[in-house]
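What follows is one structure encoded as structure tokens, with my remarks underneath.
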Amino acid sequence: MELELRYFAMVREAVGERTTTREFDPETTVRDVLATLENDHPDLEGTLLADDGTIARSVTVLRNGTNVTHLERGATELADGDTLSITPPVTGG
Amino acid sequence: MSETLPSVYGGEILHVHLGTGDSEIESIDPRDARRFLGGNGFVAKQVAEHVPADADPFDPENVLALAVGPMNATPFQSTSRGVVGFVSPMTNGFFDSTFGGTLPQALKTTGFEVVVLHGTAEEHSYVLIDEDGAEVKSADGLEGTETYETCQEIREREDVGYDTHVLANGPAGENQVRYACLVHESKMREGVAGRGGAGAVLGSKNVKAIAVQGGDFQPEPAGDLQGRAVQQMGRLMDETEMLQEYGTAGLVNPINEMGKLGHRNMQTEQADAEDAEAVSGETLREEYVTEDTTCSNCAVKCGKHVSVEAEGITEGKIPEFESLFGTATLQEVYDPERVIKANDLCDRLGMDTISWGVTVAFARECYEKGLLDDDDSPHLEFGDADGLVELARQTAEREDFGDDLAEGSFRLAESLDDEAERYLYGAKGLEFAAHSARGLKGMSIGYATATRGGSHHDTRPTLQYDGNHDETTEGTPEFAARTQHFTALGDSLTQCRFVSEAGWGARVNERYAEAISLATGWELSTEDVEAIGERIYNVERLINVARGVADRGTDTLPHRTMHEPIPDGPSEGMYCPPEELEGMLDEYYEFRGWNDNGHPTTDTVDRLDLADVAESVAD
Ligand code: SF4
């Protein structure tokens, strides 16, 4: 299935692109995508996933604009056509 | 045994009578230090004591109180902000507004924790403060000068370079634009006391600026604050990386992705991704940022300077996230250079970019709906970037339609057809900040009950963006109230919110209790320090109740927030219908110990040791 990945701020700096569209296996989870990105981009290592496999404090992940804390967090299963936005934590300005 | 004042306090309050130029010094009562801590707590106490409940914000009886906090100029990072307190020309209620830069730390070293300006100066003046007291000096020749220019001119007159720290009014404050702000241009970073109209109040006092020259006082913490501060640094720096790199402008893209960023005067809450990108922190950093800037005693350096050659801007202040909401997405203006220009003008002319931006966006919708036309102003179409810049100038000068914009959106609505009320976005007379009143439930009840109306520094949105109390009303009134305690406590410490939320935590917790105990020598629990925040919030409420601007009727939300769900995007369907707000208000009042009309009960006043304040505000 195809996912659109959008990167912001330091995540974008590490990846070197604003967005990518990539193929993933069916039943791919948010955690799988983050692990793939850490694997592909050494600068991201340890910034997306914590040691216990949960989403790191230093990142906020949105699935189609919804914070995955409202879904199944790292275990959220993704569907074809989903957009995943990956950004540093959002604060109050 | 009588209590002594901890040695982190300079110990004195300086009262300046502008009409005569006389000053008097009052010692800080140690009991007040324990009850109100400093900063916001101290200025609220001054307003409660000195401003009669029926005084108009532009009456000489209004005061402008400037204060610092107990940990200012100590090793603790980012506790060196200042706060001004006054009755606001926007809300007619108590208002406090904080600012960074170097002036607050200089004030701390004079030994004056609070400076209170009373009355009105006979001639156009500035007030110079040093450790010996205050002098009211002629501001002859500074009529109509811009804020940065005023800071520079006063520095030259005082002839000690950047050792004179200046907080200045621009033309907007002199012209009593109701949301005129105060701007501090220092060697390291600009600071803006942005909201509520501090500049308009200072203008009504015939005062162009407050200038401070530091002294020899050095606060002495009771415990090892240095050691604790060092422990805190790692977490602080890790969690503020986005601020360090992008400033608050880095929030534009992610909040737009969530569908919670007001667009076209809140008709929708998501801009096209390409449009948001054009005014995002990422774009500003790549195209325009030239250097980082910082407040005293802060390693985060969230400030940035921008240069835009085509607009003739060098070393301009980067627009904050809130300003990008007010002056870009709400207007549908996505030309970053024109947006930076409009923001630079607001800074130079001395206007709050949030209230001004929301007011202009409101006028644009009124124009779109036929309630205003080209005879009112030819600059009111959504997307008109040149009009945005021209309207900033007109507003500060109160020229043409700028004279209407200078009154703020609520007063402008009163002069139009009733339908205009449907397009307002604010509460208690103050326009809302960028954090969605519809898309974040905690902000719905938080804004409705905010002392300052549309302030995002009463209830905080930060935890809501992480999925707490953004979508549910369950437990949300208590959450909103407790983050109000958190912000009141933080502003009494004059601590930078960005740093406190990231480095210390976005709720009152043991880290705050420990640090305040180390600073003061008092042994305070987490409950004790949260009670300080609660007490201050109740002082503010008591002032506003006495002034007739805080009750169940005014604890409300604008029409669109209560009646029009977000039409599309990830937050589609979210709003706060009246019955939902009423239910949350019931719970909120009960949690606070306020009666059904939102007034603190006698039991609550006694529990918080506020009987004397309740009496003084009623005088
Ligand atoms: S984080 Fe920014 S606003 Fe806060 S103290 Fe540091 S430089 Fe000033």
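The values are calculated or read from the model by the stated rules, or taken from the named source; none is laboratory data. Model, not experiment: these values are computed from the prediction. Cβ placement follows ideal geometry from the backbone for every residue including glycine, while neighbour counts extend to all protein chains displayed. Surface accessibility is based on the protein's heavy atoms, side chains included, excluding ligands, DNA and RNA. Shrake-Rupley method; radii C 1.70, N 1.55, O 1.52, S 1.80 Å.
For this structure, a couple of remarks:
- Residues with amide H under 5 Å from that of B:Lys301, placed H, sequence gap 5 or more: B:Cys295
- Taking every C-alpha pair closer than 8 Å and separated by at least 6 residues, the mean separation divided by the residue count of segment B:512-603 gives a relative contact order of 22 percent.
- Accessible surface area normalised per residue over segment B:481-619 is 36 Å², counting heavy atoms of protein chains with a 1.4 Å rolling probe.
- Per-residue 3J(HN,Hα) values for segment B:165-180, derived from phi via the Karplus relation 6.51 cos²θ - 1.76 cosθ + 1.60 with θ = phi - 60°, read 9, 10, 10, 10, 8, x, x, 4, x, 4, 8, 6, 4, 4, 10, 5 Hz in sequence order (x marks Gly and Pro).
- Shielded residues, segment A:74-93 - accessible-area loss of 30 Å² or more between chain alone and all protein chains, probe 1.4 Å: A:Val90, A:Thr91, A:Gly92, A:Gly93
- B:Met351 long-range amide H proximity, modeled H, under 5 Å: B:Cys181
- Counting protein heavy atoms only, the protein assembly as shown has 42 percent of its accessible area on carbon and sulfur, 1.4 angstrom probe.
- Dividing the summed helix terms, -39500 (n - 2.57) for each DSSP H run of n ≥ 4, by the number of residues in chain B produces a 222 nm estimate of -11500 deg cm²/dmol to the nearest 500.
- Cβ-placed point charges (K, R +1; D, E -1), dipole of segment A:2-87 about Cα centre in debye, nearest 20: 460
- Tensor-based shape of segment B:479-606 (alpha-carbon gyration tensor, a/c under 1.5 rounded, otherwise prolate or oblate): oblate
- In Hz, Karplus ³J(HN,Hα) per residue of segment B:388-402 (6.51, -1.76, 1.60; θ = phi - 60°; x = Gly, Pro): 4, 5, 5, 5, 4, 5, 4, 5, 4, 8, 6, 9, 6, 5, x
- Loop-exposed GluC sites (Glu not before Pro) per DSSP, neighbour cap 14 Cβ within 10 angstrom, longest uninterrupted part of chain B: B:144-380
- Residue-normalised accessible area of segment B:12-213, expressed per residue, 1.4 Å probe, Å²: 27
- Probe 1.4 Å, accessible area per residue of chain A, Å²: 47
- Interface size A-B, as summed buried accessible area [1.4 Å probe, Å², nearest 100]: 2200
- Shape class for the protein assembly as shown, computed from the alpha carbon gyration tensor (a ≥ b ≥ c): rounded, with a/c under 1.5.
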